[in-house]
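The values are calculated or read from the model by the stated rules, or taken from the named source; none is laboratory data. Remember, predicted model here, so these are calculated numbers, not experimental data. We place every Cβ from the backbone using ideal geometry, glycine too, and count neighbours over all the protein chains shown. Calculation scope for accessible area: heavy atoms of the full protein, side chains included, ligands and nucleic acids excluded. Shrake-Rupley method; radii C 1.70, N 1.55, O 1.52, S 1.80 Å.
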Amino acid sequence: MPYHVRVSAWNGAGDSYGRAQYSTPAILTPMDKPDPPSSVEMIAIDNSSIQISWNAALNKGGSHMITKYKAEVAEVVPGSETKLSDDSSLFYESFDVDYTPEVQAIILESSADDMGGFFVVNFMGESTPNIYTDAEADDIKEALEGISTIDSVVVSIYPHSQDFITTYGQRWIITFDAQRGNLPSMLIDSSSGRPSTIATGGTVSGSSSVIRVETISNGGLLSSFITPPVLDEGKLYMSRISSFNGVLWSDFTTSHNSISPSKSAPSPPRDVLVKVLSDTELGVSWKAPLFDGGASIAGYKIVWGDNDDMVPASQLFFLLDNLDPEESFLVSVTAFSSRGFSDPTLAKPAFCPMELIESISI
């Protein structure tokens, strides 16, 4: 139940109190236990890990947010009493599921090794000082943390490369290690237009120079958890999840069933990109699945339109040639192993140098 508080003083003189001071905020709710998560489900990732997923609690116990979850996993024996605790001789492990930070990348790329100039980063309405394209990590960090809308970041710089197309540049990986939640994207301002997630020209020079922002991973509190590879194939496990609102833990919600880790089909390929190489060629590239399902990846299947082909696991790219310039294609990549095929991943278009686009359109 919400409450409103007001306080006034009396000094013994007269028969009335002074003016009341009202509480801020106007309505307060006492802290209580949050509701437990619901619909706890488990699936096998491979022969030593399982994935646990759940739905977040709606009632947070008077808090504005759930700050973390506790996931407990225990071995169970069919026909015996289920006991999830560490005082059993059976396997038991407890894991904290905390907030993951927002990670974004500022990508600087050009078709020749001649990028120069500077730009400004806009974040939630505030802008940094000028950041030069050859800035060091400490300089980038100082500029970003110099605006009030960014608390603290970790900056790492890596070389940037693309398959099929020769590009030059860097990837600045920005990890927001203090602000929680799914944050808005940083915007780039090179004085050639309104701040955007992609900018060219203006104060940035170089051959087909482009600066763009990509979200690597959204920040927030996950509603799923993959155990470390510490479980045994052939044994049964149950799990339960509890919510924490910063003050109190909720009751536990236990999974509806037990599960045994087992080999499975791999997870889908990651970061599948398709790139225009000419008016009759497309280049497709991807990264290996996050999980192989406990069996080695045997290869990949590439599908475009009504066509398909396969490549070995060592090959993470594919060239589509002899294409009809008037025809459009959906491209997808699927991983497979001895345990089956993953779900397909649709390819996303990747950056292409402006000179190449212009030569194709002529």
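A few points about this structure:
- Search result, residues across region 33-70 that are of a type in the set (A, V, I, L, M), in contact with a Ser or Thr (Cβ under 6 Å, 6 or more places away or on another chain) and assigned to a loop (DSSP other than H, G, I, E, B): Ala56, Ala57, Ile66
- For region 48-65, taking the residues that are at pLDDT 90 or above and crowded, with 19+ Cβ neighbours inside 10 Å, the one that is farthest from Asp292 (Cα to Cα) is identified as Trp54.
- Flag for Ser285 being open to solvent by less than 60 Å² (accessible area, probe 1.4 Å) and in contact with a helix residue (DSSP H, G or I) (Cβ under 6 Å, 6 or more places away or on another chain): no
- Of all residues making up region 181-194, the number that are under 30 Å from His64 (Cβ atoms) and of a type outside the set (S, T, N, Q): 5
- Hey, Leu231 in contact with a Ser or Thr (Cβ under 8 Å, 6 or more places away or on another chain), assigned to a loop (DSSP other than H, G, I, E, B), among the aliphatic types (A, V, I, L, M) and open to solvent by less than 30 Å² (accessible area, probe 1.4 Å) or not: yes
- Residues of region 219-228 that are surrounded by 14 or more Cβ atoms within 10 Å (Cβ to Cβ) and of a type in the set (S, T, N, Q): Ser223, Thr227.
- Residue check for Gly246: on the phi > 0 side of the Ramachandran plot, part of a loop (DSSP other than H, G, I, E, B) and open to solvent by 30 Å² or more (accessible area, probe 1.4 Å): yes
- The lone exception for Ala295 - which of (1) in contact with a Lys or Arg (Cβ under 9 Å, 6 or more places away or on another chain); (2) open to solvent by 60 Å² or more (accessible area, probe 1.4 Å); (3) aliphatic (A, V, I, L, M) it fails: (2)
- The strands (runs of 3 or more DSSP E) found wholly in region 107-216 and carrying at least 1 residues that are open to solvent by 30 Å² or more (accessible area, probe 1.4 Å) and over 26 Å from Val272 (Cα atoms) occupy 116-123, 153-159, 187-189.
- Output for region 304-323, where each listed residue is open to solvent by less than 80 Å² (accessible area, probe 1.4 Å) and of a type outside the set (A, V, I, L, M, F, W, C): Gly305, Asn307, Asp309, Pro312, Gln315, Asp321
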